[in-house]
Amino acid sequence: MPGPKPPEIVLSDAEHRELERLVCAQKTGQALVRRARVVLLAAIGYSNTDIAERVPMDVEAVGLWRRRWNAWRGVPLAEVSVAKRLADAPRPGVQPRLTPEQVCQILALACEQPSGSGRPISQWSHRELADEIVRRGITDRISPRHASRLLKSGGPATPPRPLLAYPGSRRRSRRQDR
């Protein structure tokens, strides 16, 4: 038994051109291309199930993007671009307290000698590092545990083991055997 009829999508000429441009552009992200294709196919009159088969997407996701597009009906394209209409919704949860630039400053600080900061120690402790981060004004507060987690999350710059299958043992060619 068929479900309720999905809302009809009506596109202006400008919206249609912009959606086509996004679909054909070489550097458009694939998620954005798929969403634009959903809107274009919905405007032609395809059902959510048909669109889901053509775009490789869940039927629920097709319905979601159809509803989101319709929520922008009546808003001029000059106010909100097509790309912004098809963008992800803001994620729930707390925004990170540290910016990537601050994390880089903290990592750079950890690479410095503590004696350069006037600390009478040879290696950074978590407490000393957290205190120095706050003293330098990188952030207003940070726990020693958080400072240590930032250092651990980087991972080694080199692989932990050799990338070759058998490093050091090369097969000799037949010519060398003769």
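Which count do you get for residues in segment 101-116 that are touching a residue at least 40 places away in the same chain (Cβ under 8 Å) and open to solvent by 60 Å² or more (accessible area, probe 1.4 Å)? Result for segment 101-116: 1. Quick check on my filter: what residues within segment 7-28 are farther than 12 Å from ALA43 by Cβ and part of a loop (DSSP other than H, G, I, E, B)? Listed by number, the residues that qualify are ALA25, GLN26, LYS27, THR28. Return the total of residues in segment 46-59 being outside any helix (DSSP H, G or I) and either in contact with a Cys (Cβ under 7 Å, 6 or more places away or on another chain) or without any contact (Cβ under 8 Å) to a residue 12 or more places away in the chain (or both). The number of residues fulfilling the criteria is 2. Look at (1) in a loop (DSSP other than H, G, I, E, B); (2) of a type outside the set (A, V, I, L, M); (3) open to solvent by 60 Å² or more (accessible area, probe 1.4 Å) and you find that ARG119 fails only one, number (3).
Residues in segment 122-139 that are surrounded by 14 or more Cβ atoms within 10 Å (Cβ to Cβ) and either in contact with a His (Cβ under 8 Å, 6 or more places away or on another chain) or assigned to a loop (DSSP other than H, G, I, E, B) (or both): TRP124, SER125, ALA130, ILE138, THR139. Summed over segment 53-63, the residues that are surrounded by 11 or more Cβ atoms within 10 Å (Cβ to Cβ) and within 16 Å of PRO7 (Cβ to Cβ) give a count of 4. Inspection of segment 145-164 identifies at least one residue that is surrounded by fewer than 14 Cβ atoms within 10 Å (Cβ to Cβ) and at pLDDT 90 or above. The sole residue among ARG21, ARG66, ARG34 that is in contact (Cβ under 8 Å) with a residue 12 or more places away in the chain, of a type outside the set (S, T, N, Q) and open to solvent by 60 Å² or more (accessible area, probe 1.4 Å) is ARG34. Out of SER81, SER143, SER148, SER117, one residue alone is touching an Asp or Glu at 6+ places or on another chain (Cβ under 7 Å) and among the hydroxyl-bearing types (Ser, Thr, Tyr). It is SER117. Using the structure shown, decide if PRO92 is assigned to a loop (DSSP other than H, G, I, E, B) and either of a type in the set (Lys, Arg) or open to solvent by 90 Å² or more (accessible area, probe 1.4 Å) (or both). When the stated conditions are applied, PRO92 passes them.
The values are calculated or read from the model by the stated rules, or taken from the named source; none is laboratory data. Only a predicted model underlies this, so the values are computations on that prediction, with no experimental measurement involved. We place every Cβ from the backbone using ideal geometry, glycine too, and count neighbours over all the protein chains shown. To get the accessible areas, we keep the full protein, side chains included, count just its heavy atoms, and leave off ligands, DNA and RNA. Shrake-Rupley method; radii C 1.70, N 1.55, O 1.52, S 1.80 Å.
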